[in-house]
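Below is one structure; the comments refer to it alone.
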Amino acid sequence: MVQSTLKDGATPLHVAIIMDGNGRWATRHGLSRSFGHRAGARAIPGVVRAAPNCGIGTLSLFAFSADNWGRPCAEVDELLALFQHFLEGEAARCRAEGVRLSIIGRRDRLPSSLCRAIHAAEQQSVDGRALHLRIAIDYSSRGSILEAARSYSGASVPTSASFAAALARADHSGAPLTAVDLLIRTGGEHRLSDFLLWESAYAELLFLPIAWPDFTDKDLTEAVAEFTRRERRFGALPPFGGTPPRIPGAQGAACRSI
Ligand code: FPP
């Protein structure tokens, strides 16, 4: 079993992962890119199962960015079909294991069969409390921020909290947004690719050379252990006793609210 590296009673973490490197993994193994994506899908359940034991309360996975529509049609179709297959296969398991599943991103450009699978998976798992698993499909952080901004009428002035609520609505987040504590990108590239820009203001960043299909529960545990060794100052000065400074307005929610 994966052992938690967090202290007992610590606030559950929000960990975000940019699951990169499927294509290069496949090429290295002499396989097609679509095989790489299928291998990437197979890596997800083990990581999800390990997450609560690593002290993670919210796990956000980047599966398909709004810019990924620019890939060849065959690859896009293959990915969309894979997401649908994954949701149809994993929803019952998520429910059984107390995992709440939400899909963040736009819905209006997805095939209706995928939208139905999203709706069914979200409904089936809505009571899950062990972990909130958020999978980003047709997601753009800048797009969500723009959409949230558009929802304000000329008269109202956003606060940080009200804007985060508007952003959660724009994303179909299904729950209040929480700050990302640790953002991991696999695949060896060092960039954010328009993922959770608002939520990651003080995220610790970890770029790993390992391709996503090879990422395991052990890698997740090591990533969280690395996170616990980082000194987080949130723009203040150390020491503050190992716990983040009190954020005015933060409720004792599962993960740190924004
Ligand atoms: C990036 O690798 C990965 C993607 C664009 C798709 C992510 C999809 C998965 C991990 C599998 C399916 C997910 C679910 C939720 C079922 P890349 O293709 O850009 O790899 P490369 O950079 O090596 O070419």
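The values are calculated or read from the model by the stated rules, or taken from the named source; none is laboratory data. A quick note: this is a predicted structure, and the numbers were derived from the prediction, not measured. Every residue, glycine among them, receives a Cβ derived from its backbone with ideal geometry; neighbour counts consider all protein chains shown. Surface areas here come from the heavy atoms of the whole protein model, side chains and all, with no ligands, DNA or RNA. Shrake-Rupley method; radii C 1.70, N 1.55, O 1.52, S 1.80 Å.
Filter the stretch 100-130 down to residues that are over 16 Å from Ala168 (Cα atoms) and acidic (Asp, Glu) and give me whichever is surrounded by the most Cβ atoms within 10 Å (Cβ to Cβ). Per the criteria, the residue is Asp127. Whether any residue in the stretch 3-20 is of a type in the set (D, E, K, R), over 20 Å from Gln123 (Cα atoms) and either under 14 Å from the mean Cα position of the chain (by Cα) or near the ligand (Cβ under 10 Å from one of its atoms) (or both) is what I want to check. Checked the stretch 3-20: at least one residue is of a type in the set (D, E, K, R), over 20 Å from Gln123 (Cα atoms) and either under 14 Å from the mean Cα position of the chain (by Cα) or near the ligand (Cβ under 10 Å from one of its atoms) (or both).
Pick from Val47, Val76: which is in contact (Cβ under 8 Å) with a residue 40 or more places away in the chain and either touching a Leu at 6+ places or on another chain (Cβ under 8 Å) or open to solvent by less than 70 Å² (accessible area, probe 1.4 Å) (or both)? Spell out the reasoning first.
Details: Val76 fails: in contact (Cβ under 8 Å) with a residue 40 or more places away in the chain.
Just one listed residue meets the conditions, Val47.
A single member of Thr186, Thr159, Thr178 is in contact (Cβ under 8 Å) with a residue 24 or more places away in the chain, farther than 12 Å from Ile17 by Cα and either among the hydroxyl-bearing types (Ser, Thr, Tyr) or buried (at least 20 other Cβ atoms within 10 Å of the Cβ) (or both), and it is Thr178. How many residues are in contact with a strand residue (DSSP E or B) (Cβ under 9 Å, 6 or more places away or on another chain), open to solvent by 40 Å² or more (accessible area, probe 1.4 Å) and not in a strand (DSSP E or B) when one looks only at the stretch 206-228? Summing the residues that are in contact with a strand residue (DSSP E or B) (Cβ under 9 Å, 6 or more places away or on another chain), open to solvent by 40 Å² or more (accessible area, probe 1.4 Å) and not in a strand (DSSP E or B) in the stretch 206-228 gives 1.
Of (1) among the aromatic types (Phe, Trp, Tyr); (2) in contact with a helix residue (DSSP H, G or I) (Cβ under 7 Å, 6 or more places away or on another chain); (3) open to solvent by 30 Å² or more (accessible area, probe 1.4 Å), Phe195 satisfies all except one. Which? Answer for Phe195: the failing condition is (3).
Tell me, please, whether a residue that is on the phi < 0 side of the Ramachandran plot and not in a helix (DSSP H, G or I) can be found in the stretch 81-91.
Here is the first cut: in the stretch 81-91, the ones on the phi < 0 side of the Ramachandran plot are 81-91.
From the residues that got through so far, the ones that are not in a helix (DSSP H, G or I) too are none.
No.
With respect to (1) closer than 23 Å to Asn22 by Cα; (2) more than 16 Å from the ligand (Cβ to nearest atom), the lone exception for Val126 is condition (1).
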